Amino acid sequence: MNKNNNNKLSYYEILDLTENATRKEIVEAYQKAKGIYGKDSMAVYSLYSNEDSTEMLNLIDEAYQVLINPQRREIYNKEHNINSHRSVVNIFFDKPGEIKRAFVETPNFKRMPENDISEESPEINKEAFKAYVSISKQDMTPTLPDYKSDDEMEIKIKAEDNFYGDFFAEVRSYKNMSLGYVSNKTKVPIYHIEAVEREDYSALPARVYTIGFLKTYSRLLGFDQEKASKAYIERYDKAIK
Amino acid sequence: MSILWNKRTAGNQEQVPVETTEQTSGERSKHVWAVGGGKGGVGKTLIAANLGIMLSREAGKRVILVDLDLGGANLHTCIGIDLPKFTLSDFVQRDVDNLEELVVETPIKNLGLISGAQDFLDIANIKHSQKQRFLTHLKNLDADYIILDLGAGTTFNTLDFFLASDLGIITLVPEPTSIENVYRFIKSAFYRRLKTIESTLKIKQLIDEIMHKRVENNVNTPADLLTQIDAMDPVIGQKVRAEMQLFSPKLIINMVRSQTDVELGHAVSSVCKKYFGIDVELLGYIEYDNLVWQSVRKKAPILLEFPNSKLVSNFNRIYKKLLNPTIKFVDDVTERL
């Protein structure tokens, strides 16, 4: 089975989701789909070769990467003429200047990373869309990327108290680290790193694992791991309550 | 009253599709259910027998079980009766003119049985005309529900009986061998069904053309084939999809030991949708229980022999869902395992 062939299925179909699926449903569907097409899965025995399964798993990752991010999802929906009230709500129930905020459903979210998609978002940006889709295929090399040190930024990192998800994203971007690189170094799946950055508690695993993720990720970014994970987990606890 | 009998039969190159004529003098609505699954020992007979018992006892419906495991019939044993004097062999050899004459009553009220051929091994290869005669008689049986217990394998006869039913039930056990046979069974039935559509819609040329260029068109699965038909001729594509929609077997997962086994049922259903492009709904599950073999040894149906068994509630749930498809699948196996 090759890619073109599988692309006949929409991202929603690949994950067995309705077009109005919630974030929680997307995460659950993703985990389930990974199991169905995973190595040694009985459900595809005799029907899919190893190669077919791998191809399907890549597609599942790709579908997840797009659907879990409201912005990417909105672009995808527009490209495919899909009317999902989920993304419409996300975009239009907010003031124009605050579009970015509206993409995230958690209350503690402050701001999206600088390098994220343009504020005039509803316009389809094909290049940006392609870039998002290819995120899963990003550089996974374990070599530490180069970055231009910025004194102001370094001071900001030292002075930070809140450690919101978008601060993680901001510093990651400052240090030129791709999600693939972070995932490779920390052994934390990309979707969990993204969830940390979005402060999407519903997409994060159990508390004990989340603390672990936060500490490793903080260490990689050069934060005080105890301080950063404590600040973050306090919000997590409050939200879970 | 309408006769709920879909014209769902399939043909192949050698045989013309079996035609079933609409019955006009029917007195009640009839449902023909078929239980198949490709592999032997996965519980087809157990499920057919117990669904029959539930329908006759709980719903008070007239039910006739038909043992179509030609050459290997033993449904009568599961129901607790001796091999009837007349079996399908007599009908096929025309010693008995009317299928109705073969119906023997069982100890369960409202439940009749037509036993499969036992004595002639080659009976499994009945001719096309015999099959047609049989199907015509079958739908004329005086019953509310006719339940066909199919044999293992994917012979044309078995597939045709499955496709000729209003509702096809596939039995699966959580083992690779069973999975493999289920997929093979669905694949065979899919193509046999498509063969019939091919002749009724006159699309043989179109399909040949697609299959000829399958590599360049990326047609690797039955679902791709449907998509490609759509792409080449949307009108025909829609008709083919509507016809294939009638082929939507239900799935029962048997010998369930854990929640993972139930999830396998959901997974198979999901894979079928993507691979074959058809809906294979999971009806329910039956837990693994030693009482099953004990009841077989006693030659008594489990529902009657062990009325307090957990299997009773398993069957009850499946039976309710069959009668009312809007009931949601309840997945609480973990509570008791």
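The values are calculated or read from the model by the stated rules, or taken from the named source; none is laboratory data. The model shown is predicted, which means the values in this text are computed figures rather than measured ones. Cβ atoms come from the backbone with ideal geometry, glycine included; neighbour counts cover every protein chain shown.
Structural remarks
- In the stretch B:161-178, the residues that are part of a helix (DSSP H, G or I), within 14 Å of chain A (Cβ to nearest Cβ) and touching a strand residue (DSSP E or B) at 6+ places or on another chain (Cβ under 7 Å): B:SER178
- When restricted to residues that are more than 14 Å from chain A (Cβ to nearest Cβ) and surrounded by fewer than 20 Cβ atoms within 10 Å (Cβ to Cβ), the stretch B:142-156 contains 6.
- B:ALA49 in the same structural domain as B:ASN254 (by TED's automatic domain parsing) and surrounded by fewer than 23 Cβ atoms within 10 Å (Cβ to Cβ): no
- Yes/no for B:ALA10 being closer than 23 Å to B:VAL280 by Cβ, of a type in the set (Gly, Ala, Ser) and at pLDDT below 50: yes
- Any chance B:SER270 is within 14 Å of chain A (Cβ to nearest Cβ) and crowded, with 16+ Cβ neighbours inside 10 Å: yes
- Exactly one residue out of A:ASP161, A:ASP166 is among the charged types (D, E, K, R) and surrounded by fewer than 17 Cβ atoms within 10 Å (Cβ to Cβ), and it is A:ASP161.
- Contact map, the stretch A:173-189: residues that are part of a loop (DSSP other than H, G, I, E, B) paired with residues that are among the hydrophobic types (A, V, I, L, M, F, W, C), Cβ distance under 6 Å, separation 6+ or inter-chain. Pairs shown: A:VAL188/A:PHE213.
- From the list B:THR177, B:THR158, B:THR154, the one residue that fits, being among the β-branched types (Val, Ile, Thr) and in contact with a Leu (Cβ under 9 Å, 6 or more places away or on another chain), is B:THR158.
One line per residue, one yes/no per condition, for (1) over 25 Å from B:VAL32 (Cβ atoms); (2) touching a Leu at 6+ places or on another chain (Cβ under 7 Å); (3) modelled with pLDDT of 95 or more; (4) not basic (Lys, Arg):
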position: B:THR260; (1), (2), (3), (4): yes, no, no, yes
position: B:VAL268; (1), (2), (3), (4): no, yes, yes, yes
position: B:GLN294; (1), (2), (3), (4): yes, no, no, yes
position: B:PRO307; (1), (2), (3), (4): yes, no, no, yes
position: B:ILE327; (1), (2), (3), (4): no, no, no, yes
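- B:MET255 passes every criterion in (1) over 20 Å from the mean Cα position of the chain (by Cα); (2) within 14 Å of another protein chain (Cβ to nearest Cβ) apart from (1).
- Qualifying residue in the stretch B:212-230 (condition: within 30 Å of B:GLY41 (Cβ to Cβ) and among the polar types (S, T, N, Q)): yes
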